[in-house]
Structure formats: C-alpha cells, structure tokens
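The block underneath contains the structure these notes are about, expressed in structure tokens.
The values are calculated or read from the model by the stated rules, or taken from the named source; none is laboratory data. Just so it is clear, the model here is predicted, and its values are computed rather than measured. All Cβ positions, even for glycine, are placed from backbone atoms using ideal geometry, and neighbour counts span all protein chains on display. Each accessible area value is taken on the protein alone, full model and side chains, heavy atoms only, with ligands, DNA and RNA left out. Shrake-Rupley method; radii C 1.70, N 1.55, O 1.52, S 1.80 Å.
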Amino acid sequence: MGKDMYYGDDYKYIPATSVLSGSGIEVLPDLYQYTVQIVNIHMVGHPESNEFVLIDAGMSHSAKMIIQAVEDRFGEKVRPQAIILTHGHFDHVGALIELIEYWNVPVYAHQLEMPYLTGKESYPEPDPTVEGGLVAKASPLFPNEPINLGNNIHTLPEDHSVPHLPEFKWIHTPGHAPGQVALFREKDRALIAADTFVTVKQDSLYKVLTQEQELNGPPRYLTTDWKAAKRSVETLAKLNPSVARTGHGFPMRGNDLKTGLQHLVNQFDTVAKPDYGKYTH
Ligand SMILES: [Zn+2]
Ligand SMILES: [Zn+2]
C-alpha cells in the first residue's frame, strides 16, 4: 500500500488563501465544511458517531491541517471510512496521498476521472487567456499532471449509491471536469455541488481572498466543456436543493440559493460562460 502512489512532476505548494482558510462551518449537524486556503473539504457524519466520510482532499501540503481538522471534530486517532472525490483537480486532491498513507482508507471517484487519478492523462491545460481575473492568468502555474493513486482508487458504484453514505446519491455533473460528481440527499435536499457552481467568484483573486458571496458558474480557467457545464447546473437546480455546499465559497441555503440558481440557469451564457477563451466554442 502506498508505494505505487505519486503526484505529478508539477506538484507544488500554491500560495493562495482566503479569509475562510483554517475555519469550519457546521452547515447541518452531520455536514461540516472546512476550508483549506481557497478550497473546501466536507465531512459527512455525526461528530459523536465515529462513522464519517471525507469529501475531497484539499490543497498540496495540507495533510496535517486536514488531519487536525478531522480530529478536532471527530476525536483523536479517528479516520474516515472513505474519501469520496468530487473530481480530480489539483485543489481537490492536493493532500490525498499523505491522507491515504496516514489513514489507509479507500478513495472513490467517477469512472471518467480515472485517467487523471491513475497517472494516465493530464487534464486539458488551463486557459490563461480566458475572460476572467488574475486567477485565470496564474492558472498555468497550477499542477495539471495527473496524480497516480495506484490501486487505492475505486470507481463509484454504477447504481449511483455512495459508499458509506446510504442516504446520498451521486449525480454526474460534467463540464468543469469530465467525471465531476455532486452528492445529493433527498430527505432534506442537502447538496454537495462540487464545482458545478460555486458561491464565490473563483476567477477574482480579490473575491477569493474576501470570499464575497456570489453564486456563480464553475471556475473558468479549468472548465473545458461549457455546454455540459450549463446542463449540469440545470440538473442540480431541478433538484431544488435546500442547502448547497460547494468546492469554493460559503454554503448557501433557502431563498438565496433558489433565486441564485434560477438566475444562473437563465443567464448562464452571460454570467457564467466567458466571452472569450479557448474552450468557449
Ligand atoms: Zn475543479
Ligand atoms: Zn475546485
């Protein structure tokens, strides 16, 4: 175990941060969001139960921070039953190898993300020319080569069930990444939206830093299929979620979420899709 895992050659620390970094928000009693620099991880499970799942794995070199946050919530020496990846972008798998080595837990992702998680294929290059802010301009610096998790990565079950989370279903939301998934719980309509839409303008360095709340389309610099991205937002809007946690930004709920999603669906081509960039056609 572990010996066959490695990050890409371009793996490195990314010095970006936000006012939320290092803090957690209990969105619901069994849903906890924790921010690592500019990205959220999610812990699903009641803190007193010891049975929980981690969603996503933060930024590079953040394993210590993540382990500490998990132990602060669930107790010393606990470990999640599994790690579920919403997708394999660098800011969602940054500490994954250290976490697998430390906890020895299985990791699950969608079949279409497998090439990027088994060292076979790089994601398409991020687009620094895309209409957007400084983050897009800096995007060529982001790690893009695939991580290799060897035999520690498993595909999500085809029946849309989520390992260890019987109340949740996974929903394929391609566009931002080919095998991106969101997780949805019918009984309280709680949604983990991944980067299908986010609640901060992830392309603006200033807005990322201040985390000004604003429901928006997926981060532009890494999104390569805007038609699919739009359909995926429509899919999630139809679920009429009561609360959404996203890969970036504060959780959003109630009317803010409903009207924000409706606006995004109606105006997707003007507010979310960039006016220019190499993946816009
Ligand atoms: Zn992403
Ligand atoms: Zn992301």
Surrounding net charge for Ala177, when Lys and Arg each add one and Asp and Glu each subtract one, Cβ distance under 10 Å = -3
Counting only residues 5 or more apart in sequence or on a different chain, those whose built amide H sits under 5 Å from that of Tyr108 are Ile83, Ile84, Leu85, His154
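What percentage of the solvent-accessible surface of the chain, computed with a 1.4 Å probe over protein heavy atoms, is contributed by carbon and sulfur atoms?
Carbon and sulfur together cover 52 percent of it.
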Return the single residue from Gly217, Gly249, Gly119 with maximal mean-square fluctuation; model: Gaussian network over the chain, springs between Cα atoms under 10 Å.
-> Gly119
Based on DSSP H runs of at least 4 residues, each adding -39500 (n - 2.57), what is the mean residue ellipticity at 222 nm of the chain after dividing by all its residues, to the nearest 500 deg cm²/dmol?
-> -6000 deg cm²/dmol
In nm, the gap between the two label points placed 7 Å beyond Cα toward Cβ at Val105 and Ser49 is 1.3
Does the stretch 173-254 come out rounded, prolate or oblate, given a ≥ b ≥ c as the square roots of the eigenvalues of its C-alpha gyration tensor, rounded meaning a/c under 1.5 and, failing that, prolate meaning a/b above b/c?
-> oblate
Note the count of lysine pairs whose C-alpha atoms are less than 24 angstrom apart in the stretch 1-141, limited to pairs 8 or more residues apart or on different chains.
-> 8
Full extension between Glu121 and His263 adds, at 0.36 nm per residue less the Cα distance, a length in nm of 47.6 nm
Keeping all protein chains in place, calculate the accessible area per residue for the stretch 168-263 (probe 1.4 angstrom), answer in Å².
-> 36
In whole angstrom, note down how far apart the Cα centers of the stretch 178-192 and the stretch 2-51 are.
-> 17
At 1.4 Å probe size, with every protein chain present, just tell me what the per residue accessible area of the stretch 44-155 comes to in Å².
-> 39
Take every Cα pair under 8 Å in the stretch 1-54 that's 6+ residues apart, average their separations, divide by the length, and report that relative contact order as a whole percent.
-> 22
Return the distance in nm (one decimal) between the two label points of a simple spin-label model at Asp188 and Ile25, each offset 7 Å from Cα along Cα→Cβ.
-> 1.5
What distance in nm separates the simple spin-label points at Asp159 and Lys278, each placed 7 Å from Cα in the Cβ direction?
-> 4.3
Using a/c under 1.5 as the rounded threshold, could you call the stretch 139-203 rounded, prolate or oblate? The axes a ≥ b ≥ c are square roots of the C-alpha gyration tensor eigenvalues, and prolate needs a/b larger than b/c, oblate otherwise.
-> oblate
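Which residues make up the longest stretch of the chain clear of trypsin sites (Lys or Arg not before Pro) that lie in a DSSP loop with no more than 15 other Cβ atoms within 10 Å, not counting the sites?
Longest site-free region, per DSSP loop and neighbour criteria: 190-277.
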Calc'd 3J(HN,Hα), the stretch 78-85, phi into Karplus 6.51 cos²θ - 1.76 cosθ + 1.60 (θ = phi - 60°), Hz, glycine/Pro = x, comes to 7, 9, x, 6, 6, 10, 9, 9
Working out 0.36 nm times the residue gap between Thr17 and Gln68, then minus their Cα-Cα distance, what length gain in nm do you get to one decimal?
-> 16.5 nm
Once normalised by the length of the chain, the mean sequence separation of its alpha carbon contacts under 8 Å that are 6 or more apart gives a contact order in percent of 17
What is the gain in length, in nm to one decimal, between Thr235 and Leu141 on full extension, counting 0.36 nm per residue of separation less the C-alpha to C-alpha distance?
-> 30.6 nm
For the stretch 194-205, what does the Karplus curve 6.51 cos²θ - 1.76 cosθ + 1.60, with θ = phi - 60°, yield as ³J(HN,Hα) per residue in whole Hz, taken in order and with x for Gly and Pro?
-> 6, 9, 4, 9, 10, 9, 9, 6, 5, 8, 9, 4
Once you have a ≥ b ≥ c as the square roots of the Cα gyration tensor eigenvalues for the stretch 106-232, tell me rounded if a/c is under 1.5, and otherwise prolate or oblate according to whether a/b is larger than b/c.
-> oblate
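Sort the following peptides by mean Cβ neighbour count (other Cβ atoms within 10 Å, averaged over residues), highest first: 139-149, 41-51.
Values: 139-149: 19.3, 41-51: 17.3.
Listed from highest to lowest mean packing, they are 139-149, 41-51.
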Selection from Asn240, Leu149, Leu134 lying farthest towards where the dipole of the stretch 110-253 points positive, charges on Cβ | Asn240
Tell me, what is the percent relative contact order of the stretch 166-281, built from C-alpha pairs under 8 Å that lie six or more residues apart?
-> 27
